[in-house]
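Quick notes on the structure that follows.
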Amino acid sequence: MHLKIALLAGDGIGPEVIDQAVKVSDAIAQKYNHSIEWTPALTGAAAIDAVGDPYPEETHQVCLDADAILFGAIGHPRFDNDPSAKVRPEQGLLKMRQKLGLFANVRPTFTFPSLLDKSPLKRERIEGTDLVFLRELTGGIYFGERGRKNNGDTAFDTCTYHREEIQRLAKKGFELAMTRSKKLCCVDKANVLESSRLWRETVQAMEKDYPEVEVAYEFVDAVAMRLVQWPNSYDVLITENLFGDILTDEASVISGSMGLMPSASVGTDNSLYEPIHGSFPQATGLGIANPLATILSAAMLFEMSFGLTEEGAEIRRVVDQSLADGMVTEDLKEGGAKGNSTTEVGDYLVKQILA
Ligand code: IPM
Ligand code: MG
C-alpha cells in the first residue's frame, strides 16, 4: 500500500519524537511492503517565526492532500508568559482542528503490565485499566462567542452545542462501545448546564439504535473522582470539549508517564495522530523525551486510517518489548537510573521490527 502522510513536527520536543516515529513507521513499511510518502509542513511557533501564522495555508493544503497526518506538539514558553501576544502557537492547533473538521478526539488510557508500579496510583486500583475517551473537539467553549464587557473588566466565554455536533460524536462512541465491552458513559454537568442537558437528551434519544449498549450518565465532577479511584470500571466515555481536555490529562497519569499515551483526532475526511503530551520546552534538544506516545500514535494511524491492524500490533509488540527490556527514557527508569536517549529507543524498536 502507498501511504501519503503529512508530517507536522511542531515545536519543542516535537521534531525529536516525530523523527523516531518516522523511523519506526519506515521500518514497518519495509517489513510489510508498503511505501510511505512523508510531506513535512510547518506548524506552531516554528510556523509563526517563518511565516507569521501557526497554521499556514500551505500546511493546510499538505494536510488536505494527505491520507493521514502525524503531528508532534506545539507551544513555546515565550508566548505563555505574554498574555497580550496576538498570535499564539495553540491557535494553530485549534485552527487546524476546525479547518480539517477533526471533531472526535480519541484518547485511550491503558496500563502496561511492566509499568504498573510507575503509576502514582496503587497497582490494585489501576490493574486492567483500558478505557477510551471520545472528546468533542471542534465545538463548545473553545469555539463559542467570547469577549470583554464593562471596559474590559468583565470577560465571558460561551459553551454552545448543536444537536448534530453531539450526535456525530455520540455515534462514534456507540460504535466504539459495540466493538468493546458495550459500556458507554456520557460525561456532563446536566444538573447545572443547559448545553449538558442537550447532550444528555440527545444521547438518550440515540440509545434505542444501540440496544446492546449499556449507557451511564455521570456528572463530570464525579467522573474526575472515580477516574482515580476505579479507572478500570470505565470503558468508553464521551464528553464535550473542555471536560474532555481536563479529564484526559487526569487519565493520562494512570499509565505511569505522560510520555506514553497516543491519540487520534478523527474528522469526516481526514485524521490526525499525535501524542497527548505537549512540547515540553525544557527538554528540547536534550535527547531525553520519551518517543513512545508518538510511536503508539503511529500505530493508531496504521490501524485507523489504513486498516493495517497487523502493522499496528507489531508496533505495540516492540514497544512492550522495549519496556520489558528496560530500553526506556529517564521518565521510566527506576530510582533515578540514567535513561536511554530518545534516539536509542527509536533505534531499538527499528532493530526489533527488522530482526
Ligand atoms: C490538548 C491541549 C490543547 C487543548 C491546547 C494546547 C490548546 O491541551 O490537546 O488537550 O486544550 O485542546
Ligand atoms: Mg489538554
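The values are calculated or read from the model by the stated rules, or taken from the named source; none is laboratory data. Being a predicted model, the structure only gives us computed values, none of them experimental. Cβ atoms come from the backbone with ideal geometry, glycine included; neighbour counts cover every protein chain shown.
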LEU184 is checked against (1) away from ligand 1 (no atom under 16 Å from the Cβ); (2) buried (at least 18 other Cβ atoms within 10 Å of the Cβ); (3) assigned to a helix (DSSP H, G or I) and fails just one. What number does that condition carry? (3)
Go through the residues of the range 235-246 one by one and say whether even a single one is surrounded by fewer than 17 Cβ atoms within 10 Å (Cβ to Cβ), within 15 Å of ligand 1 (Cβ to nearest atom) and modelled with pLDDT of 95 or more. yes
Please verify whether the range 56-68 includes one or more residues that are of a type in the set (Val, Ile, Thr), closer than 26 Å to PRO262 by Cα, surrounded by 19 or more Cβ atoms within 10 Å (Cβ to Cβ) and within 19 Å of the chain's Cα centre (by Cα). no
Select from the range 97-140 the residues that are over 16 Å from ILE276 (Cα atoms), outside any loop (DSSP other than H, G, I, E, B) and either among the aromatic types (Phe, Trp, Tyr) or within 12 Å of ligand 1 (Cβ to nearest atom) (or both) and list them in ascending order. GLN98, GLY140
If you go through the range 331-339 one residue at a time, do you hit one that is within 16 Å of ligand 2 (Cβ to nearest atom) and outside the structural domain of TRP199 (by TED's automatic domain parsing)? no
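Being more than 19 Å from the chain's Cα centre (by Cα) and closer than 13 Å to GLU207 by Cβ is the filter here, so list the residues in the range 148-170 that pass it.
Taking the range 148-170 as the starting set, the residues that turn out to be more than 19 Å from the chain's Cα centre (by Cα) are 148-167.
Once the filter is applied, which keeps residues that are more than 19 Å from the chain's Cα centre (by Cα) and closer than 13 Å to GLU207 by Cβ, the range 148-170 yields only GLN167.
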Considering ARG88, ARG135, which residue is under 16 Å from the mean Cα position of the chain (by Cα) and of a type outside the set (A, V, I, L, M, F, W, C)? ARG135
Are any of the residues in the range 134-151 of a type in the set (Phe, Trp, Tyr), away from ligand 2 (no atom under 16 Å from the Cβ), surrounded by 17 or more Cβ atoms within 10 Å (Cβ to Cβ) and at pLDDT 95 or above? no
Selection count where residues are in contact with an Asp or Glu (Cβ under 6 Å, 6 or more places away or on another chain) and surrounded by fewer than 17 Cβ atoms within 10 Å (Cβ to Cβ), scope the range 304-352: 1
Return yes or no: is ASN232 closer than 30 Å to THR43 by Cβ and out of contact with any helix residue (DSSP H, G or I) (no Cβ under 6 Å at 6 or more places or on another chain)? no
With the requirement that a residue be away from ligand 2 (no atom under 16 Å from the Cβ) and in contact (Cβ under 8 Å) with a residue 24 or more places away in the chain, what does the range 229-254 give you? GLN229, TRP230, PRO231, ASN232, TYR234, ASP235, VAL236, ILE238
Quickly run through the range 80-116 and pick out the residues that are closer than 16 Å to ASP49 by Cα, surrounded by fewer than 22 Cβ atoms within 10 Å (Cβ to Cβ) and in contact with a helix residue (DSSP H, G or I) (Cβ under 6 Å, 6 or more places away or on another chain). ALA85, VAL87, ARG88
The number of residues in the range 258-273 that are within 16 Å of ligand 2 (Cβ to nearest atom) and part of a loop (DSSP other than H, G, I, E, B) is 1
Odd one out for LYS122, checked against (1) away from ligand 2 (no atom under 15 Å from the Cβ); (2) surrounded by 18 or more Cβ atoms within 10 Å (Cβ to Cβ): (2)
Within the range 13-38, the residues that are assigned to a helix (DSSP H, G or I), in contact with a strand residue (DSSP E or B) (Cβ under 8 Å, 6 or more places away or on another chain) and among the hydrophobic types (A, V, I, L, M, F, W, C) are VAL17, ILE18, ALA21, VAL22, ALA29
Just for the range 292-307: of the residues that are of a type outside the set (A, V, I, L, M, F, W, C) and part of a helix (DSSP H, G or I), which one is nearest to the chain's Cα centre (by Cα)? SER297
Anything in the range 274-285 that is assigned to a helix (DSSP H, G or I) and within 16 Å of ligand 1 (Cβ to nearest atom)? List them, or say none. PRO281
Residue satisfying condition, being more than 16 Å from ligand 1 (Cβ to nearest atom), closer than 21 Å to GLU175 by Cβ and hydroxyl-bearing (Ser, Thr, Tyr), within set SER271, SER263, SER305, SER257: SER305
Check on GLY72, surrounded by fewer than 19 Cβ atoms within 10 Å (Cβ to Cβ) and of a type in the set (Gly, Ala, Ser): no
